[in-house]
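Report on the following structure.
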Amino acid sequence: MKKVLVLAALLASFAFGKPLVYVLATGGTIAGSAAGGATDTAYTSGAVTVDALLKAVPQINDIAVVKGEQVANIGSQAMNNEIWLKLAKRVNELLKQKDVAGIVITHGTDTMEETAYFLNLTVKSDKPVVLVGAMRSSTSMSADGPLNLYNAVNVAINKESKGKGVLVAMNEEIHAAREVQKTNTTGVATFKSPNTGKIGSVFYGNVKYYLNPTRTHTKASEFDVSKLNELPKVEVVMGYANVDRAMLDAAISSGAKGIINAGVGNGSLYPTAEEAFGKAIKNGIIVARSSRVGSGETTRGGETDDDKFGSIATDNLSPAKARVLLMLGLTKTNDKAKLQEYFYKY
C-alpha cells in the first residue's frame, strides 16, 4: 500500500509539473488541540494528524504535490534520540529519490533547534530540509501554524534553499539550524539567531535570502547514523551561584560518556563544580564548557585553562546543541583534540 501511495504521488508530480515534497510530522503545538476552544491556552500537543494539518492549508496543493507521513505524534519536550535517528534515516531515504524536491518536518518548538541541528549534521543531501512549528495550537484564535506550514513548503521548493543545510522557517523568517534558538516561552516571534541573525525571510510564500551558513553541514558532514541504533550518553549540567556538585556527581555515576557544562559567563566553573568536573575528566569522561548566557562564544582558555584542565570549549553553541555535537562526535572518536576540532568545524 505504501509503495502504491508513493507511486501515485510521483505520477501526480509528473502530471501537474509540480515539485514533490514530503511533510514528515512529529507532533507539537502545530498539531495541538485545546478542549476549551479558541481562547484556551491549555492544549494537548500532537492531537492532530498530518493529514488534518495538510487539509487545513489547501493552498499548498497549488504549489506542490505533498505527501504526508506521521513519524511521531508527541510534544517536542518528549523528543528523544530514538526519534532523531528514525527521522534522520527516513529523511536520507526519501532524499535519495530523484523526484523528491525537499522535505518539511512539522515539530514542536521546545526542542526544534536541537532536532534541526542534529539533522544538519546527519542528513546526506543538499536538498532542502525545513523544520516548522507553531506557537499557538491548531484550534487557537489566530493560529500561526497554517501560514507557517505554507511558508515552509515554499522554502522547501525554492531553488535557492538548496545547499544551505537544514533550515527553520517560523514567523516569516528563515534561520540556519546551527544558529537558531527559541528565545521566548509563548511569543510567535520566539525563534532568533542571536549570534548571526536570520538568513532569509518568507512572506506569504515569497522567499528571499540574505546570508549563507558557513559551517560544515549535511553532505559535507562526516557523521553517519545509517547503522546506528543508539547514541552515546551525554548530559548537561547547569552552573549557578553556590551550585551543589550533587547533580554533576549523579551525571558522572550515570554512565555518561560526556558532560556539557552550561556554565556562568564564559562557561566558568564554580569551585566545587570544577573539582567534580576534574574527577570526571580523570575518569575518562569528555567535559565540554558551554554557557547559559544565550549568545556569544565560550572561548578556549578563558578563566579555565582548558589545556591544563583537559576540557573542551564549545565555541558559540548553546549547551543543548553542544550536547548534540558531542554525542555525534563520540560516535567517531574519544580524542579531545579531534573533538575540539569538531566544535570549530561544525
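The values are calculated or read from the model by the stated rules, or taken from the named source; none is laboratory data. The structure presented is a predicted model; accordingly, all values stated were derived computationally and were not measured. With ideal geometry, Cβ positions are generated from the backbone for all residues, glycine too; neighbour counts draw on all protein chains shown. Side chains are part of the model used for accessible areas, which takes the heavy atoms of the whole protein and leaves out ligands, DNA and RNA. Shrake-Rupley method; radii C 1.70, N 1.55, O 1.52, S 1.80 Å.
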**Item:** Which numbered condition VAL129 fails, given (1) under 20 Å from the mean Cα position of the chain (by Cα); (2) open to solvent by 10 Å² or more (accessible area, probe 1.4 Å)
**Value:** (2)
**Asked** Which of the residues spanning region 212-268 are touching a Gly at 6+ places or on another chain (Cβ under 7 Å), closer than 22 Å to GLU303 by Cβ and of a type in the set (Val, Ile, Thr)?
**Response** VAL264
**Message:** Being under 18 Å from HIS175 (Cβ atoms) and either surrounded by 20 or more Cβ atoms within 10 Å (Cβ to Cβ) or among the aliphatic types (A, V, I, L, M) (or both) is the filter here; which residues of region 92-113 pass it?
**Reply:** GLY102, ILE103, VAL104, ILE105, THR106, HIS107, GLY108, THR109, THR111, MET112, GLU113
**Prompt:** Just to be sure, is PHE203 among the hydrophobic types (A, V, I, L, M, F, W, C), open to solvent by 40 Å² or more (accessible area, probe 1.4 Å) and in contact (Cβ under 8 Å) with a residue 24 or more places away in the chain?
**Reply:** yes
**Prompt:** For region 167-177, how many residues are of a type in the set (Gly, Ala, Ser), more than 17 Å from VAL324 (Cβ to Cβ) and either touching a Ser or Thr at 6+ places or on another chain (Cβ under 9 Å) or open to solvent by 30 Å² or more (accessible area, probe 1.4 Å) (or both)?
**Reply:** 0
**Message:** Could you go through region 257-265 and let me know if any residue there is within 14 Å of THR314 (Cβ to Cβ), touching a residue at least 60 places away in the same chain (Cβ under 8 Å), touching a helix residue (DSSP H, G or I) at 6+ places or on another chain (Cβ under 9 Å) and not basic (Lys, Arg).
**Reply:** yes
**Message:** Tell me yes or no: at least one residue of region 178-197 is open to solvent by 10 Å² or more (accessible area, probe 1.4 Å), modelled with pLDDT of 95 or more and of a type in the set (A, V, I, L, M, F, W, C).
**Reply:** yes
**Request:** Kindly indicate whether any position in region 315-324 is without any contact (Cβ under 8 Å) to a residue 40 or more places away in the chain and in contact with a Gly (Cβ under 7 Å, 6 or more places away or on another chain).
**Result:** no
**Message:** For the structure I just gave you, tell me whether LYS164 is touching a Pro at 6+ places or on another chain (Cβ under 7 Å), in contact (Cβ under 8 Å) with a residue 40 or more places away in the chain and open to solvent by 10 Å² or more (accessible area, probe 1.4 Å).
**Reply:** yes
**Complete:** For THR333, the lone unmet condition from (1) within 22 Å of the chain's Cα centre (by Cα); (2) within 24 Å of PHE223 (Cα to Cα) is (1)
**Request:** For region 71-91, enumerate the residues that are over 18 Å from PHE223 (Cβ atoms) and either in contact with a Ser or Thr (Cβ under 6 Å, 6 or more places away or on another chain) or open to solvent by less than 10 Å² (accessible area, probe 1.4 Å) (or both).
**Result:** VAL71, ALA72, GLY75, SER76, MET79
